[in-house]
Amino acid sequence: MTRVVIAGLGYVGLPLGIRAAQAGHQVVGYDVDATRVSLLAAGESYVEDVSSEDLQHTLAAGTFRPSAEPESCAGFDVAVIAAPTPLRDGLPDLSYIESAGRTLARYLRPGATVILESTSYPGTTQEHLLPLLEEGSGLVAGTDFRLGYSPERIDPGNQTWTLTTTPKIVSGIDGASLEAVQAFYDSIVERTVAVSSPREAELAKLIENTFRHVNIALINELAIFAHELGIDVWEAVDAASSKPFGFMPFTPGPGVGGHCLPIDPSYLSWHVERALGQNFRFVELANDINNHMPDYVVRRLMLALNRRGLAVNGSRILLLGLAYKKNTGDARESPAVRVADLLKRMGAEVRAADPHVVETTAVDTVVTRVSLTAGELSSADAVVLLTDHAAFDFGEISKRARYALDCRRVLGAGDNVETL
Ligand SMILES: NC(=O)c1ccc[n+]([C@@H]2O[C@H](COP(=O)([O-])OP(=O)(O)OC[C@H]3O[C@@H](n4cnc5c(N)ncnc54)[C@H](O)[C@@H]3O)[C@@H](O)[C@H]2O)c1
């Protein structure tokens, strides 16, 4: 039985910790957020992909122990860092990885393995984490302990491609490290894919996210032009998707959210600029287009109200969906927040329904939260469907709304419905 520490119990670390416990490891979940730790200790999961029942089973079996005490990390064989990597003033902020690394270094013993999962630019494992671990432990990487990188590919809410069924890229700073990292993940996922060093693994993750970011931007820009040209871009994407090779469909939307798309590609462009003095033009263009989609949504809404002799100022607007992704409660970097903010500043009365997003100060300073009822739908001057949660009754929305701007093409055709 391996003693495992997961440092950082968020969207990535918590599912990993529970899965490792289910696979027979003895897991300590370490997080600096004492409130999160208390919730977990009480058997309450705050991540959709982990059911409270599964959490409670591992707690009862004694195989998963959440803790906010650094000392709980003592004695690990394998430690995984799943700390956040946000942008601070537009620049990569590695401080959470660094502080988790410093904590683990104190308890690092000869023969143990440290794995980084947080998304970051190529070189993070070897140039940032490695010296930190050596300094804090007095041990030598490669000689005394193993070190590697394995990017997370979690897709919240995806029932088919889960942590277990999605192949996992693994890497190590040397052969023994790779072996140790691969052995750990082989015990918890169905398939591992080894690459030659952490840099390739770090870049692979950024390629995946940048690929999606750029392609979404491409289709978003096309959607704007196609609307002006009177062409149905959605139908065109469907038609293009009939090509069985060389094409992958992306659909327009109100912008990108979550962690992967708005933030991760900027780690790559920052690294390219710093290391080579060059601009990563694709990423910059994609950022520009995707970041402006909420403005486009508001412009379309303004034009629609204008046609009915109404102004945004004083209109009641009902937003449906605050999460950036359907059937999830994740409103981080969500374009819905920007749409709400723009409308509020223009004097609209903004109301919003989202059955998944818990009331948070970021959004709730701007919107009045409501439940989706027939009355809310019919009393709004306009409805904007931003997230296509399955919990929404799309037929009811198109039936009751005076006007609906459908950013996800789920409401069907109707005189009162316009698609983005
Ligand atoms: N959310 C996703 O879908 C997703 C997918 C792939 C990769 N990632 C990457 O995984 C990493 C983690 O993302 P997340 O979504 O799980 O973040 P999150 O914010 O949900 O969770 C991170 C957790 O780490 C904790 N933490 C911060 N500093 C710590 C420290 N020093 N020691 C221990 N715990 C600490 C925080 O309190 C928080 O609970 C990021 O680098 C992200 O880019 C996320």
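Pick from R88, R146, R109: which is more than 11 Å from the ligand (Cβ to nearest atom) and either hydroxyl-bearing (S, T, Y) or buried (at least 21 other Cβ atoms within 10 Å of the Cβ) (or both)? Break it down into steps so the answer makes sense when it comes.
Values: R88 fails: either hydroxyl-bearing (S, T, Y) or buried (at least 21 other Cβ atoms within 10 Å of the Cβ) (or both); R109 fails: either hydroxyl-bearing (S, T, Y) or buried (at least 21 other Cβ atoms within 10 Å of the Cβ) (or both).
That would be R146, the only listed residue that is more than 11 Å from the ligand (Cβ to nearest atom) and either hydroxyl-bearing (S, T, Y) or buried (at least 21 other Cβ atoms within 10 Å of the Cβ) (or both).
Can you tell me which of P70, P15, P110, P86 is in contact with an Asp or Glu (Cβ under 8 Å, 6 or more places away or on another chain) and more than 25 Å from K168 (Cα to Cα)?
Values: P70 fails: in contact with an Asp or Glu (Cβ under 8 Å, 6 or more places away or on another chain); P15 fails: more than 25 Å from K168 (Cα to Cα); P86 fails: more than 25 Å from K168 (Cα to Cα).
Selected residue: P110, the only one of P70, P15, P110, P86 that is in contact with an Asp or Glu (Cβ under 8 Å, 6 or more places away or on another chain) and more than 25 Å from K168 (Cα to Cα).
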For the condition on the phi > 0 side of the Ramachandran plot and within 16 Å of the ligand (Cβ to nearest atom), what is the one hit in G157, G138? G157
As an exercise: evaluate Y96 against (1) under 26 Å from W270 (Cβ atoms); (2) more than 12 Å from the ligand (Cβ to nearest atom); (3) of a type in the set (S, T, Y) and give the number of the one condition it does not meet. (2)
Somewhere in segment 136-148, is a residue touching a residue at least 60 places away in the same chain (Cβ under 8 Å) and within 26 Å of R19 (Cβ to Cβ)? no
When segment 162-179 is checked residue by residue, the ones that are within 27 Å of K325 (Cβ to Cβ) and either outside any loop (DSSP other than H, G, I, E, B) or in contact with a Leu (Cβ under 7 Å, 6 or more places away or on another chain) (or both) are L163, K168, I169, V170
Kindly check whether there is at least one residue in segment 187-202 that is at pLDDT 95 or above and under 17 Å from the mean Cα position of the chain (by Cα). yes
Among residues of segment 320-350 being part of a strand (DSSP E or B) and surrounded by 19 or more Cβ atoms within 10 Å (Cβ to Cβ), the residue nearest to the chain's Cα centre (by Cα) is L320
Restricting segment 23-39 to residues that are touching a Phe, Trp or Tyr at 6+ places or on another chain (Cβ under 8 Å) and more than 6 Å from the ligand (Cβ to nearest atom), the residue that is farthest from I81 (Cα to Cα): L39
Grab the strands (runs of 3 or more DSSP E) fully contained in segment 49-161, keeping just those with 1 or more residues being modelled with pLDDT of 95 or more and closer than 30 Å to H389 by Cβ. 64-67
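I'd like to check something: does segment 316-334 contain any residue that is more than 16 Å from the ligand (Cβ to nearest atom), within 18 Å of V384 (Cβ to Cβ) and out of contact with any Asp or Glu (no Cβ under 7 Å at 6 or more places or on another chain)?
Narrowing segment 316-334 to residues more than 16 Å from the ligand (Cβ to nearest atom): 316-322.
After this cut, where a residue has to be within 18 Å of V384 (Cβ to Cβ) as well, the list is 316-322.
Filter again for out of contact with any Asp or Glu (no Cβ under 7 Å at 6 or more places or on another chain), leaving 319-320.
Looking through segment 316-334, at least one residue is more than 16 Å from the ligand (Cβ to nearest atom), within 18 Å of V384 (Cβ to Cβ) and out of contact with any Asp or Glu (no Cβ under 7 Å at 6 or more places or on another chain).
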List every residue pair whose Cβ atoms sit under 7 Å apart, with the two residues 6 or more apart in sequence or on different chains, where the first one lies in segment 104-118 and is on the phi > 0 side of the Ramachandran plot and of a type in the set (S, T, N, Q) and the second, anywhere, is assigned to a loop (DSSP other than H, G, I, E, B) and within 15 Å of the ligand (Cβ to nearest atom). none
Please specify each residue of segment 1-19 satisfying the condition of being more than 6 Å from the ligand (Cβ to nearest atom) and touching a Phe, Trp or Tyr at 6+ places or on another chain (Cβ under 9 Å). T2, R3, V4, V5, I6, L14, G17, I18
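Could you go through segment 400-407 and let me know if any residue there is at pLDDT 95 or above, more than 22 Å from M293 (Cβ to Cβ) and crowded, with 19+ Cβ neighbours inside 10 Å. Walk me through it before giving the result.
Initially, segment 400-407 is screened for residues at pLDDT 95 or above, giving 400-407.
Now restrict to residues that are more than 22 Å from M293 (Cβ to Cβ): 400, 402.
Then keep just the ones that are crowded, with 19+ Cβ neighbours inside 10 Å; that gives 400.
Yes, segment 400-407 has at least one match.
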Look through segment 351-365, keep the residues that are without any contact (Cβ under 8 Å) to a residue 24 or more places away in the chain and polar (S, T, N, Q), and return whichever of them is surrounded by the most Cβ atoms within 10 Å (Cβ to Cβ). T365
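The values are calculated or read from the model by the stated rules, or taken from the named source; none is laboratory data. What you see is a predicted model, and the numbers here were worked out from it, not measured in a lab. Using ideal geometry, Cβ is built from the backbone for each residue, glycine included, and neighbour counts are taken over all protein chains shown.
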